[in-house]
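Reviewing the structure listed below.
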Amino acid sequence: MRAICTLAVYSMLIDVIFPDNSPDILEKIAKLKSALIDFVEPDFGLLDELLSLEVLTRAQLADVRSERTVYRRNTALLDLMTSQDQCNKFLKALRHTNQKHISNFIAQGGGQKISDIVFGKTGRSATNLELPDSQSSYAGRLFLDKSCLATTAKK
C-alpha cells in the first residue's frame, strides 16, 4: 500500500509517492522517537484506534492513559512499538486519526527537502527554484519536514 500526495507546484501537479510498508519502519520510529514524542497526538482517537487494530491490549492502553503528560503518554506508547506489524498498524492509525503528516514524516525517515524527492539530489535548492516569468515575484519553498508537506510562498 502506498500513500500518494498531490502537490500544486507552480501550476504543475506532481504526485509524490511515500511507501508506508518499508521494511525498516520500526528502525525509523526508534530513530525519530524524540521528535515523535513531541508531535504525536495520542488523546483524540489514536489510542482507541490502536486498541481496535490490536496494537495495544486494554492493559497497555490503561498504562499509557495513566501517564500524566502527553509527552509521557507518547513515550509509553512508542516504547510498546516492538514489531514491524505493530509499526505498520501505528502508521495506519495515524492516518485514520488525521495525523497523516506524522505518518509521512516517519515513512520518509524524518523528512527531507521536497526538491530532493522531485528533482533528485542535483544541488538545486528548493528556495532557489527558477520560476516562470508570470510567477517571478514569488520565492517559493517546498519542504517535507515536521509538518510533512508545508508549502510557503512570499511575495
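The values are calculated or read from the model by the stated rules, or taken from the named source; none is laboratory data. For clarity, every value in this text was computed on a predicted model and none was experimentally measured. Methodologically, a virtual Cβ is constructed for each residue, glycine included, from the backbone with ideal geometry; neighbour enumeration extends over all protein chains shown.
When D38, D48 are checked against the criterion of being modelled with pLDDT of 95 or more, acidic (D, E), over 16 Å from H101 (Cα atoms) and in contact with a helix residue (DSSP H, G or I) (Cβ under 9 Å, 6 or more places away or on another chain), a single residue qualifies: D48. Considering segment 65-112, and only residues there that are part of a helix (DSSP H, G or I) and small (G, A, S), the residue that is surrounded by the fewest Cβ atoms within 10 Å (Cβ to Cβ) turns out to be A76.
Rundown of residues vs (1) under 17 Å from the mean Cα position of the chain (by Cα); (2) among the polar types (S, T, N, Q); (3) at pLDDT 95 or above, yes/no style:
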{"position": "Y10", "(1), (2), (3)": "no, no, no"}
{"position": "I14", "(1), (2), (3)": "no, no, no"}
{"position": "R58", "(1), (2), (3)": "no, no, yes"}
{"position": "R73", "(1), (2), (3)": "no, no, yes"}
{"position": "A76", "(1), (2), (3)": "no, no, yes"}
{"position": "L80", "(1), (2), (3)": "no, no, yes"}
{"position": "T97", "(1), (2), (3)": "yes, yes, yes"}
